1. Amide H to amide H, which residues 5 or more places from A121 or on other chains are under 5 Å from it, using H placed in the peptide plane?
2. Once the Cα atoms of helix 20-30 and of the chain are each reduced to a long axis, what angle between those two axes, in degrees from 0 to 90 to the nearest 10, is obtained?
3. Answer with one residue from S30, T108, A45: the one whose Cα lies farthest towards the positive end of the charge dipole of the chain, charges on Cβ with Lys, Arg +1 and Asp, Glu -1.
4. Hey, what do the phi angles of region 56-61 turn into as Karplus ³J(HN,Hα) couplings, whole Hz, using 6.51/-1.76/1.60 and θ = phi - 60°, x for Gly and Pro?
5. Amide H neighbours of W74 under 5 Å, at least 5 residues apart or on other chains, H built in the peptide plane: list them.
6. What ranking do T112, T63 get, fewest neighbouring Cβ atoms within 10 angstrom at the top?
7. Please work out the Cα center distance from region 12-52 to region 102-117, rounded to the nearest Å.
8. Expected output is a single nm value to one decimal: the length gained when fully extending between V20 and R126, i.e. 0.36 nm times separation in residues minus the C-alpha distance. What is it?
Amino acid sequence: MMMSLPASGTALSFRKTLTVADQGFFTGISGNLGALYVDRLKAQALGQPDMVVFELAAGALFTTALNRIAGPQWRIAGFALDFAKPLALNTSFEARAEVEGSSPDALTFVLTGLVGTETVATGSARLVPVQG
C-alpha cells in the first residue's frame, strides 16, 4: 500500500490544561505515587506552587500531534524529551510536533513544548510504518 508522506515543515500543535483528574488517571496507569506529583503540601515544601504535572503525561500530548500528522499507518519507534523545568498542575501545555524528515522508512519530528510563549520542553520522535 502506497502511503502519502507529510512534507518537511508540516507542524501541528495540541493544547491541554493538565488537571488533577489527569494526575489521577496517570497515577492509575503508572502506579507512580511520587510525592512531588500527588501531594500538594510536599510539592509546595519543595518550592512548587502546586503539585507537579507528570512529565510523561505532558509528553503523551505529543502523540496526538504525531498521529494527526502521520496517520494510523505509523507507530512510534523513538521518543525523547527534555523538560527545562517542572510544570505546575493546571498549566496549559502546548505540544507541537514538526516534521523534520520524511521517507517511506521513517518520519522524524522535532518536538517543542510550550507554556504560553515559553519553551519548556524539547525533543524528537521517530515514527516507522506499522508493517514493514
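The numbers here are math on the coordinates, done by the rules we state, and not lab data. What you see is a predicted model, and the numbers here were worked out from it, not measured in a lab. Don't worry about glycine lacking a Cβ; one is built from the backbone with ideal geometry, like all the others, and counts go over all protein chains shown.
1. A84, G113
2. Between the helix axis and the principal axis of the chain, the angle is about 70 degrees.
3. S30
4. 5, 5, 4, x, 4, 4
5. V130
6. T63, T112
7. Measuring centre to centre over Cα atoms gives 25 Å.
8. 35.1 nm is the gain from fully extending V20 to R126.
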